[in-house]
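Everything on this sheet refers to the single structure shown next.
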Amino acid sequence: MMAGTISSGLAMVKTLESWGVDHIYGIPGGSINGIVYALRDEEEAGNIKYIHVRHEEVGALAAVSDGRVTGKIGVAFGSAGPGATHLFQGVYDAKMDKVPTLFIVGQVGHGQMNMDFFQEQDESQLFSDGAYYNRTVVTAESLPHVVDEAIRQAYANHGPAVVVVPNDLAEAQIPADGYYPAAANFRKAEAPAPTDEEVDAALGLIKQAKKPLLYIGQGVRGAADEAMALSEKLQLPIAYAALAKDVIPYDFPALLGSAMRVASKPANEALAETDLILFVGSNFPFAEILFNPKAKFIQIDNNPAVLGKRHKTEVAMWADAKKALAKLSERADKAAESDWYKANVKNADNWREYNDHMMNKTDGDLRFEPVFKEINRIAEDDAFFSIDVGDVTQNSVRLIKNSGKQRWYTSGLFATMGSGLPGALASKLSFPDKQVFSLAGDGAESMVVQDLITETLYKLPIINVVFKNDELGFIVDEQEDDQQRRFGVSLGGVDFAKMAEAQGVTGISVTKQADLPKAFDEALEITKRGEPVLIDVQITGERPIPVEQLKLDADKFSAEEIEKFRKRYYAEGLKTLKEFESEG
């Protein structure tokens, strides 16, 4: 090394550190080893931690979940060619869920580019749609600067940035004083409070409405108290987008749950009847399908690009959700007690009673609900739940009794199967003292099961729960709805407990309901010793109640259809919102 110089790769890693990055996921390769050597030196100096995953997609999805659970940028890398394409899933996961994430991609050296060289591809072209910022570095001196810029752009655009690094750059020497990270100067933009005129216009519409409803998304995170206060003051029951599952405590009386299919019965019923929706901090993609098109619509969002996007909008406010909800409460007169609000509270209570009944079921074969009873029983008040995609998403959004302090998260708009385990890695690395669950079906777990070894090697005491019904249950239900025979959905019988044991993770198999408490008690003790555990639960393939196509309304279905529906889904005690409304 020349005096007063530093390798470009080392300068890049130090730039990451200046932004608070304390770990990075990836797999070494010939086209990115220059960066890997710099990473090694910084890890040995105690400045950053390298997490060696077994598949780049796991690293990519974990990096996205870093952003989900910490608010800080997550980082993953992969080598040229296959390493790059394996990162692709994470790029779109970050884009769709608006999570700042950095992906560093290896490339062949400049001399081999555009020569159809081994593992060469046009990687900038590959990521051109997915990434908000997408650059190939052309000089060693610019490498730390481009990475610095990528992070700024990822934060500013709430999404992924990609930096492609030709292999001959990272080990080249550059002046030690030739780069300057801007982390200390960066400021996140904050939306203002709404104007008095906007708030008063919204309150006027709410006052006129007979059946108003508050619908919240992730943008309300950190403003739960304001949302609940407004709900009670203006008699607005609350529905939420699934990604906001953990914002409002489960036991808030007027909490209706999420809507559509990954959803709860009260939310779907209320959204079918509401005549006004106060839509805050969400970009719910099914709004055009589910929401009443004739309902009045008030939207609050800190992203002006989504205002008026999902519904004809009477009042739109570019504003911070917390400030807006607080100001609405401040300027509002307390509403009179509402029959609509009371009916929705009763409907939500009835739904919670149904779920409790299903979780306490002891007859018949083992279903998924009693497993959630045990999860709730051992879950700490501030636990993290990393939820995979499939039936487990639908079931956990209904059955996890979140405290308001717990975190519940999943791959939302892109709905990436295999995201549960990577998300749990992210949480445990960033919050080592918190209890962390990974909940997955057997289809999703099969995609990433090789990275249980990562939990072992990095001593990450995660409670992995695999709901095994030997089929792709969510797709089985879709095929039933399409009135088609099952095809392509069988998974065979995989022993996930043995697969866990082979990777140094304690595996526990459960096939009987009576064995559930002991299994979860054992899992709790194992993780308290600092070791990961996997519970492989064999459940039936019985379908969860389809709240998007309820057959309970006597005005729409025959007595025979209703009885058949009730019997199949154990729904004898469920009542409709209309019934509660008729009670007055």
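The values are calculated or read from the model by the stated rules, or taken from the named source; none is laboratory data. None of the values given here were measured: they were computed from a predicted structure. As a convention, Cβ positions derive from the backbone with ideal geometry for all residues, glycine included, and neighbour counts pool all protein chains shown. Note: accessible area is taken over every heavy atom of the protein model, side chains too, but ligands, DNA and RNA are not part of it. Shrake-Rupley method; radii C 1.70, N 1.55, O 1.52, S 1.80 Å.
Candidates in region 124-145 are the residues that are in a helix (DSSP H, G or I) and surrounded by fewer than 22 Cβ atoms within 10 Å (Cβ to Cβ); of these, the one that is farthest from the chain's Cα centre (by Cα) is His145. Any residue at all in region 29-37 that's touching a residue at least 24 places away in the same chain (Cβ under 8 Å), open to solvent by less than 60 Å² (accessible area, probe 1.4 Å) and within 20 Å of Ala426 (Cα to Cα)? The answer is no; no qualifying residue exists.
Summed over region 207-237, residues that are open to solvent by less than 10 Å² (accessible area, probe 1.4 Å) and either under 16 Å from Trp408 (Cβ atoms) or outside any strand (DSSP E or B) (or both) total 9.
For region 16-116, the strands (runs of 3 or more DSSP E) that sit wholly inside it and include 3 or more residues that are out of contact with any Ser or Thr (no Cβ under 9 Å at 6 or more places or on another chain) are 101-107.
Per-residue answers, yes or no, for (1) in a helix (DSSP H, G or I); (2) at pLDDT below 95; (3) under 29 Å from the mean Cα position of the chain (by Cα); (4) not assigned by the TED database to the domain that holds Gly219:
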position	(1), (2), (3), (4)
Ala326	yes, no, yes, no
Trp351	yes, no, yes, yes
Tyr354	yes, no, yes, yes
Asp365	no, yes, no, yes
Val371	yes, no, yes, yes
Arg377	yes, no, yes, yes
Glu380	no, no, yes, yes
Ser386	no, no, yes, yes
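Rundown of residues vs (1) open to solvent by less than 40 Å² (accessible area, probe 1.4 Å); (2) of a type in the set (Lys, Arg); (3) within 18 Å of the chain's Cα centre (by Cα), yes/no style:
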position: Pro432; (1), (2), (3): no, no, no
position: Phe437; (1), (2), (3): yes, no, yes
position: Ala444; (1), (2), (3): yes, no, yes
position: Met447; (1), (2), (3): no, no, yes
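Hey, among Asp246, Asp251, Asp177, which residue is assigned by the TED database to the domain that holds Phe88, of a type in the set (Asp, Glu) and part of a loop (DSSP other than H, G, I, E, B)? The conditions single out Asp177.
Summed over region 459-484, residues that are part of a strand (DSSP E or B) and of a type in the set (Val, Ile, Thr) total 3. Search region 206-221 for residues that are under 30 Å from Gln406 (Cα atoms) and pair each with any residue that is among the polar types (S, T, N, Q) and not in a helix (DSSP H, G or I) when their beta-carbon atoms are under 6 Å apart and the residues are at least 6 apart or on different chains. Close Cβ pairs (under 6 Å, with a partner that is among the polar types (S, T, N, Q) and not in a helix (DSSP H, G or I)) amount to Leu213/Thr274; Gly217/Ser282.
Looking at the structure I just gave you, is Leu399 farther than 22 Å from Leu472 by Cα, at pLDDT 95 or above and surrounded by fewer than 24 Cβ atoms within 10 Å (Cβ to Cβ)? No: the conditions fail for Leu399.
Taken together, the residues in region 287-305 that are crowded, with 16+ Cβ neighbours inside 10 Å and within 24 Å of the chain's Cα centre (by Cα) amount to 7.
Evaluated against (1) open to solvent by less than 10 Å² (accessible area, probe 1.4 Å); (2) in contact with a helix residue (DSSP H, G or I) (Cβ under 7 Å, 6 or more places away or on another chain); (3) farther than 29 Å from Thr274 by Cα; (4) in a helix (DSSP H, G or I), Met358 falls short on exactly one condition, (3).
Would you mention how many residues in region 63-99 are within 29 Å of Asp168 (Cβ to Cβ), open to solvent by less than 30 Å² (accessible area, probe 1.4 Å), modelled with pLDDT of 95 or more and not β-branched (Val, Ile, Thr)? Adding up the residues that qualify gives 8.
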